[in-house]
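Trainee: One structure coming up, written as structure tokens, with questions to follow.
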Amino acid sequence: MAEVLNSDGRSWATDKLILAYLAGTGALVAVYWNRLPEAPELLALHLGAAIAIVLSSTRGGRAVWYFRHWYPLPLVASCYKEMAILIPAVRGAATDQWLADLDFSIWHANPTVWLERVQTPALTDFLQLVYTLFVPAVLLVPWLLWWKRRLADFRYCVFLISLGFLASYIGYILVPARGPRFLLDHLQHSPLQGGWVVHVMRTTLDRLESAHYDCFPSGHGELTVIAWWSSRQISKRLSRVYLAYALCIIFATVYLRYHYTVDLVAGALLAAVLIVAGPMMYRKLSGREDSIGACGRNGR
């Protein structure tokens, strides 16, 4: 109860991570101000979020305690939306052709086109459902840790997931790409066939994601690998489920024409780097050697 009612005035590792990201993207908004009609709104949102994070570290009470634990997940997810505004202003040209050429040099074919030979409505329905459940699947792991009252593990898991989201956004800025569903559409011999539920899910996702340059690295691949790694500390059975889910979603991203295979390799490698480096980063930012839970120490 004392932890709920009191505050030590200290920023947590996740606070510092998000504040650094907000400062970096805020600086991009300032530099490219003339190219961004939404610049005043973006900067105001960055500033408001930063103020809320700083103030929460100096306040006590139950509501603030809940806020400090849970705000990072919706905040870093919402940061995805500004990429559609920032990237065209900051980078302009897409790198899709380069990524498609890399894929072709590896496979001697375009994977999304080649996979037409295994396409069936049932498989499309299943894989579209797997792809659509990405965010709930990732957030389920920290929720289970919270439900079990393993707060140290929960805080580290939130840090690692936040780090994964934000690192993928930086990748989108460095290597902007929209995906084979746009670049290679003229090479596909037939559209993906599925039921009406798939049509609704794809239409909704297209409205949310079609304006984004969000291919490299694959955030779906990266975050599901991180979720699988984090699930190992909850139970072996759950980790096996997450491993199967990770493999399915990796295949789904190519089958459904959202990603090039090199995106997936980059996402998996980025996840591995963050899993290895995450504990050290967390300790450095926390400033306390005992601040990391079992998830960061050994994944068990």
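Trainee: Check ARG150, ARG178 and return the single one that is buried (at least 18 other Cβ atoms within 10 Å of the Cβ) and either farther than 30 Å from LEU86 by Cβ or under 15 Å from the mean Cα position of the chain (by Cα) (or both).
Mentor: Values: ARG178 fails: either farther than 30 Å from LEU86 by Cβ or under 15 Å from the mean Cα position of the chain (by Cα) (or both).
Being buried (at least 18 other Cβ atoms within 10 Å of the Cβ) and either farther than 30 Å from LEU86 by Cβ or under 15 Å from the mean Cα position of the chain (by Cα) (or both) holds for just one of ARG150, ARG178, which is ARG150.
Trainee: Among the residues of the range 207-223, is there at least one that is assigned to a helix (DSSP H, G or I), in contact (Cβ under 8 Å) with a residue 60 or more places away in the chain, of a type in the set (Phe, Trp, Tyr) and crowded, with 19+ Cβ neighbours inside 10 Å?
Mentor: No.
Trainee: Within the range 90-105, can one find any residue that is in contact (Cβ under 8 Å) with a residue 60 or more places away in the chain, hydroxyl-bearing (Ser, Thr, Tyr) and outside any helix (DSSP H, G or I)?
Mentor: Looking for residues that are in contact (Cβ under 8 Å) with a residue 60 or more places away in the chain, hydroxyl-bearing (Ser, Thr, Tyr) and outside any helix (DSSP H, G or I), one finds at least one in the range 90-105, hence yes.
Trainee: Can you go through VAL158, VAL138, VAL130 and tell me which one is part of a helix (DSSP H, G or I) and farther than 28 Å from SER286 by Cβ? Before the answer, list the steps.
Mentor: On the way: VAL158 fails: farther than 28 Å from SER286 by Cβ; VAL138 fails: farther than 28 Å from SER286 by Cβ.
After applying the criteria, what remains is VAL130.
Trainee: Any residue in the range 87-108 that is at pLDDT 95 or above, surrounded by fewer than 16 Cβ atoms within 10 Å (Cβ to Cβ) and of a type in the set (S, T, N, Q)?
Mentor: The answer is yes, given that some residue of the range 87-108 is at pLDDT 95 or above, surrounded by fewer than 16 Cβ atoms within 10 Å (Cβ to Cβ) and of a type in the set (S, T, N, Q).
For every residue, the table says whether it meets (1) surrounded by fewer than 20 Cβ atoms within 10 Å (Cβ to Cβ); (2) over 16 Å from the mean Cα position of the chain (by Cα); (3) at pLDDT 95 or above; (4) closer than 23 Å to GLY24 by Cα.
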{"site": "PHE126", "(1), (2), (3), (4)": "yes, yes, no, no"}
{"site": "LEU133", "(1), (2), (3), (4)": "yes, no, no, no"}
{"site": "PHE165", "(1), (2), (3), (4)": "no, no, yes, yes"}
{"site": "TYR172", "(1), (2), (3), (4)": "no, no, yes, yes"}
{"site": "ASP185", "(1), (2), (3), (4)": "yes, yes, no, no"}
{"site": "THR203", "(1), (2), (3), (4)": "yes, yes, no, no"}
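The values are calculated or read from the model by the stated rules, or taken from the named source; none is laboratory data. Computed from a predicted model, the values in this text were never measured in an experiment. Positions of Cβ are generated from backbone atoms using ideal geometry, with glycine treated the same way; all protein chains shown enter the neighbour counts.
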